[in-house]
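**Student:** One structure coming up, written as structure tokens, with questions to follow.
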Amino acid sequence: MATILVKGLPDGTLKQLKKLKVELDCKTWAELFEKLAESEGQRKPLVFQKEDLQEMKRGVKGFLALRGEVSKNWTGPPTVLAEIRKSRRHE
Amino acid sequence: MSEQQVKRILTLDSNVFISALKSDEPYSRKCAQIIELVPNRFLLAEPSVVYQEVCGTLARRAGSSAAQAAREQLDRMIDSKLLSTCDKDFCLASYPLCSQFKIYAIDALYLWTAISTRSTFVSLDREDLTEKVESNPQLEIEVYHVSDFPL
């Protein structure tokens with residue numbers, strides 16, 4: 001097992017690392033670095049709490065519940081793609 | 001010990017959000033199905049301009065109450081840690097993509113969000129966006145037109 005000494009670590013970074021260490025339930029710094037390295041290799045997954053995910057789920061449900069109202073008020077042309085293209089490029 | 005889950009990240013073009021709400025769109029159902037994958041399979045990473053495009057378009061075409069309601073749900077769906085503010089630094093990082101991939105300015109804001117968060121990017125605009133970037137070997141992220149996205 002290798003040992004590293006880190007010099008010149010900004011206070012803000014240390015604070016963030018300490019927070020991550022708790023959030024990711026790591027007992028040692030080595031364990032934290034190992035988890036971070038693994039995460040990076042797996043296309044950077046993030047860790048969220050169950051409450052955050054429940055809030056997102058409510059958001060998805062609430063957003064898709066607008067389907068009726070939007071579809072009633074906006075039928076036929078222009079299509080969404082045409083409308084967005086127009087707004088982005090002033091076509 | 002707190003409960004935690006690991007997810008992949010998804011960046012959706014605003015046209016995906018809006019099409020999910022307009023039921024007579026060709027890919028409306030598929031767009032809704034993709035959004036329904038949040039948060040079980042994916043978390044959303046978006047540029048802040050998504051608010052302007054989704055809410056602005058809905059306000060113009062479907063009314064201000066739909067726009068306001070959409071804003072509230074976007075707040076819930078997109079965690080602040082994954083919302084990129086389109087400030088000067090962000091725009092300066094995004095605009096070179098217009099030259100690199102021959103894409104338009106606003107499209108580059110979404111693509112840069114996906115690149116910087118290493119997320120999967122999905123759009124309805126095949127002709128001017130996904131077709132131009134999906135097969136480019138310089139791009140290290142997955143890019144899909146809605147119709148090609150694997151559910």
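**Student:** For the stretch A:3-28, name all the residues that are free of Cβ contacts under 8 Å to residues at least 12 places away in the same chain and hydrophobic (A, V, I, L, M, F, W, C).
**Tutor:** Listed by number, the residues that qualify are A:I4, A:L5, A:V6, A:L9, A:L14, A:V22, A:C26.
**Student:** Could I ask something else about it? What number of residues within the stretch A:52-77 satisfy the criterion of being at pLDDT 95 or above and more than 7 Å from chain B (Cβ to nearest Cβ)?
**Tutor:** 5
**Student:** Identify all residues within the stretch B:102-114 that are surrounded by 18 or more Cβ atoms within 10 Å (Cβ to Cβ) and farther than 15 Å from B:L12 by Cβ; write none if there are none.
**Tutor:** If the condition is that a residue be surrounded by 18 or more Cβ atoms within 10 Å (Cβ to Cβ) and farther than 15 Å from B:L12 by Cβ, then B:I103, B:A108 are the ones that fit.
**Student:** Also, I was wondering about something else. Count, please, the residues in the stretch A:45-81 that happen to be of a type in the set (A, V, I, L, M, F, W, C) and over 29 Å from the mean Cα position of the chain (by Cα).
**Tutor:** Of the stretch A:45-81, the ones of a type in the set (A, V, I, L, M, F, W, C) are A:46-48, A:53, A:56, A:60, A:63-66, A:70, A:74, A:80-81.
Subsequent filtering for residues that are over 29 Å from the mean Cα position of the chain (by Cα) retains A:74.
Adding up the residues that qualify gives 1.
**Student:** Could you list, in sequence order, all residues of the stretch B:75-91 that are of a type in the set (K, R) and at the interface with chain A (Cβ under 10 Å from one of its Cβ atoms)?
**Tutor:** B:R76, B:K81
The values are calculated or read from the model by the stated rules, or taken from the named source; none is laboratory data. Here the structure is a predicted model, which is why all the values come from computation and not from measurement. Glycine also receives a Cβ, built like all others from the backbone with ideal geometry; neighbour counts cover every protein chain displayed.
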